[in-house]
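The values are calculated or read from the model by the stated rules, or taken from the named source; none is laboratory data. Just so it is clear, the structure is predicted and the values come from calculations on it, not from any experiment. Virtual Cβ from ideal backbone geometry, glycine too; neighbours counted across all protein chains shown. The protein model used for the area step is the full one, side chains on, heavy atoms only, and it has no ligands, DNA or RNA in it. Shrake-Rupley method; radii C 1.70, N 1.55, O 1.52, S 1.80 Å.
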Amino acid sequence: GCVLVVSVIEQLAQWHNSTVKAAMERLCDYIPGKYQIMCHMLCFIDKEMNADVVCHSLRLCKQDPGQLLCHLYSPPKKQKHSSGLFHALTYTRPKHQIRSKSFLGFSSVCAFPLLASLCEKIKYVLRNKLPFEDFDGDKFSTFPTLRGYHWRGRDCNDKNTNVYPGRRPDNWDVKSDSNCNGIWGVDPKDGIPYEEKFCKGADSKGVVLLGDSAGAHFHIPPEWMTVTQMSAKSFANLPMAFSDELDWPQFSEITGFLNSTIGGWTDSLYLRLRKRNRCNHRDLQNISQNGIGGRLIQEIRSDLARNQLLDNPAIVIYATIGNDVCNGERDTLAHMTTPKEMFSNVVQALRYLDSHLPNGSHVILTGLVDGRFLWDNLHDRYHPLGQLNKDVTYSQLYSFLDCLQVSPCSGWLTPNETLRNLTSERALQLSNVLKEIARSKKFANFDLFYMDFPLRQTAEEWRKMGGEPWQLIEPVDGFHPSQVAAALGTGITWQKALHDWPQVLGKENPFNDQIEAIFKDQGGH
C-alpha cells in the first residue's frame, strides 16, 4: 500500500513538473473527504528516492529475518544488484527515523480515527458476509454497499421479515408487494391480481452465485494510479469501492444489474433471466468472497437466503474458478486443494443445498480456469504504475507480491514455467472432480450440471471483435477477469444453457411487455 501511494505521488510530481509537496496536495484534493488523511501523512517524500526506499525507510515495509528484501522497482542505478537498495536505505533511514516512529501508529488504514468507524463496519461485513444494514434480519437490505443490495436483491420493506426478493407471492400480492418484484395489486378491469395474471405458472426463479473474488468481481480502478489521466473524478467511487471490499458485484457476470462504470458493459445471467421473465425482478444473491476456495459450506450456511417452503426455485452457480489452486505460499503446491478434498467439500455443500433449496432448483458446477493465460499475455507488458516511465512490468509486480507472500496466485504468476504447468494440471484434476460429481450424484430438489470455465471461447469471441487477450484481465491486479471478460462470458454461458439445458432457464413470459407497459403508465421503474 505504501509503495503504491508513494509511486503515485512521485509520478504526479513528475507529470506536472511540481514539487512532491505540491503533488501530494494535488492527490489529496482529488481524494474524497475523510480519506485525505492517508495522503497528508506522506508529506516528507524525497523526490529523488523511489517508492521502495521511502517505504522501507519509514519501516512500513520490512524485511523479516531470513527473508528477501522485497522491492517493486529496480534497485538504484548506482548499484544494479540488491545491495544498491541496502545502500540507499543505509543513507535514508537516519533522515526518517523520527518520522517513521510517528508513522508506526498508523501502520493500518483503520488506525486513522476518521476511518475507524468505516473499518468496523467492513470488519463486521467480512466476518458475517451479510448486509450491515438489515433491520428485519431477512438478509436483504435497502442500503447498496456493505453487502447490501449490490450483492443481493433490494429489499422493499426492511421492517417486515416476510417481505424480500425471491419468495412466492403472499395471497398473490393483492395488497402489497411481498417479493419485491414490483408486481402487486389488482387489475381494475377484471379483478384479477397482477401477480396471478402475469406470474402464475411463469416458472419464476432466482439466481444465486457461490463464488470467489472473480465472482464478486474484484476490481481496482486503474485511474487511481494512472497520473496522466488523474482527476477528482478518478476517485469519486473510492468510498463505495472500499465499502464493497473492492468488489463490484453490481456489474458482475452472474448477478450484475447496473450499467458498468468501470469499462466495458454489463451483461449477466440475472439480467437475461429478468428479460426472459419480468417476474424474476430482484431475485439475485451474490455469495462470493475474496480468497474463498472450494470449502464454501460455512458461507452457504450463514449467507444463503432461501426458504424451501416459501420461496421460488433458484439457479445456483458454484464457481470457485481459481482459489483452490491459488495461494501466496512459498510451497504453493502443498497448499492447493487435493482432488479428495475437493470431492468432499463440494458434496458436503451440495447436500446442504439439497436440504434448503426449493424443489425444481438447478445447480451448475463451473470448472477451474487455466491461469497460464495470465503470464502468457501479461508478463512483459507494463503495469499502470509503470506506464509513465516504462519501469514496472507485470513480471516485476508478480515477483514483488510473491516476495511479500501476498501473491493472489504463486503457482500461475511466476516465471517458473514448470510450476505454472503443475498448477494448471491440478486445476484440471479438480475440474474433473466437479465433472464426475455432476455425472454421478443425484439430489432430490435440484438437478446438477457441469460446464468448463469458458476462457478459450471468451478469448476467441473477443479476438473476433478486434480485441487483445490482455484486455480480458484486470489491469491493476493482473489476475482477475475484466469487465469485458465477464460480459462476454455471460453470453457464452447463456448459449450453452439454451442449447444443452433449456429447462434451467425457464420459459419466456408472454406478459413481459404488458408488465413493462403498466409500470410506465404508473411511473414505476
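Observations on the model:
- Conditions (1) part of a helix (DSSP H, G or I); (2) open to solvent by less than 20 Å² (accessible area, probe 1.4 Å); (3) outside the structural domain of ASN345 (by the TED database); number of the one not met by LYS197: (2)
- Verdict on ALA305 being modelled with pLDDT of 95 or more and either open to solvent by less than 30 Å² (accessible area, probe 1.4 Å) or on the phi > 0 side of the Ramachandran plot (or both): yes
The rows are residues; the columns are (1) assigned to a helix (DSSP H, G or I); (2) open to solvent by less than 20 Å² (accessible area, probe 1.4 Å); (3) closer than 19 Å to HIS362 by Cα.
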site	(1), (2), (3)
ASP447	no, no, yes
GLY466	no, no, no
GLN471	yes, no, no
ALA487	yes, yes, no
LYS496	yes, no, yes
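- Residues of the stretch 169-194 satisfying the condition of being outside any loop (DSSP other than H, G, I, E, B) and either surrounded by fewer than 16 Cβ atoms within 10 Å (Cβ to Cβ) or on the phi > 0 side of the Ramachandran plot (or both): ASN171, TRP172, ASP173
- Single residue of PHE242, PHE218 found to be out of contact with any Cys (no Cβ under 7 Å at 6 or more places or on another chain) and modelled with pLDDT under 95: PHE242
- The stretch 138-168, residues that are within 27 Å of LEU246 (Cβ to Cβ) and either in the same structural domain as PHE257 (by the TED database) or not in a loop (DSSP other than H, G, I, E, B) (or both): ARG152
- Within the stretch 499-523, restricting attention to residues that are of a type in the set (A, V, I, L, M, F, W, C) and modelled with pLDDT under 95, the residue that is surrounded by the most Cβ atoms within 10 Å (Cβ to Cβ) is ILE515.
- Sole exception among (1) over 19 Å from PHE443 (Cβ atoms); (2) crowded, with 22+ Cβ neighbours inside 10 Å; (3) not hydrophobic (A, V, I, L, M, F, W, C) for TYR318, by number: (1)
- Residue within the stretch 233-240 that is open to solvent by 10 Å² or more (accessible area, probe 1.4 Å) and in contact with a strand residue (DSSP E or B) (Cβ under 9 Å, 6 or more places away or on another chain) present: no
- The conditions of being assigned by the TED database to the domain that holds ARG330, hydroxyl-bearing (Ser, Thr, Tyr) and more than 22 Å from the chain's Cα centre (by Cα) are not met by SER410.
- Residue under evaluation PHE132, criteria (1) more than 27 Å from LEU4 (Cα to Cα); (2) modelled with pLDDT of 95 or more; (3) in a loop (DSSP other than H, G, I, E, B); (4) out of contact with any Cys (no Cβ under 7 Å at 6 or more places or on another chain), criterion not met: (2)
- Residue in the stretch 442-471 that is nearest to MET342 (Cα to Cα), counting only those that are of a type in the set (Phe, Trp, Tyr) and more than 23 Å from the chain's Cα centre (by Cα): PHE449
- The single condition from (1) touching a residue at least 24 places away in the same chain (Cβ under 8 Å); (2) in a helix (DSSP H, G or I); (3) open to solvent by 20 Å² or more (accessible area, probe 1.4 Å); (4) out of contact with any helix residue (DSSP H, G or I) (no Cβ under 6 Å at 6 or more places or on another chain) that PHE479 fails is (2).
- Members of the stretch 202-216 that are not in a strand (DSSP E or B) and not basic (Lys, Arg): ALA202, ASP203, SER204, ASP212, SER213, ALA214, GLY215, ALA216
- Enumeration of residues in the stretch 5-26 that are in contact (Cβ under 8 Å) with a residue 60 or more places away in the chain and open to solvent by less than 40 Å² (accessible area, probe 1.4 Å): SER7, VAL8, GLN11, LEU12
- ARG439 in a helix (DSSP H, G or I) and either over 22 Å from THR338 (Cα atoms) or touching a His at 6+ places or on another chain (Cβ under 6 Å) (or both): no
- Checklist (1) of a type in the set (S, T, N, Q); (2) open to solvent by less than 50 Å² (accessible area, probe 1.4 Å); (3) out of contact with any Cys (no Cβ under 8 Å at 6 or more places or on another chain) applied to THR423, failing item: (3)
- Scanning the stretch 385-404 for residues that are open to solvent by 50 Å² or more (accessible area, probe 1.4 Å) and under 23 Å from LEU368 (Cα atoms) turns up just one, ASP402.
- Test for GLY166: is it open to solvent by less than 10 Å² (accessible area, probe 1.4 Å), in contact with an Asp or Glu (Cβ under 7 Å, 6 or more places away or on another chain) and at positive phi: yes
- Any hit, the stretch 46-57, residues being within 28 Å of ASN237 (Cα to Cα), at pLDDT 90 or above and either in the same structural domain as ASN237 (by the TED database) or touching a His at 6+ places or on another chain (Cβ under 7 Å) (or both): yes
- Matching option when the condition is among the hydrophobic types (A, V, I, L, M, F, W, C) and surrounded by fewer than 16 Cβ atoms within 10 Å (Cβ to Cβ), among VAL347, VAL369, VAL433, VAL363: VAL347
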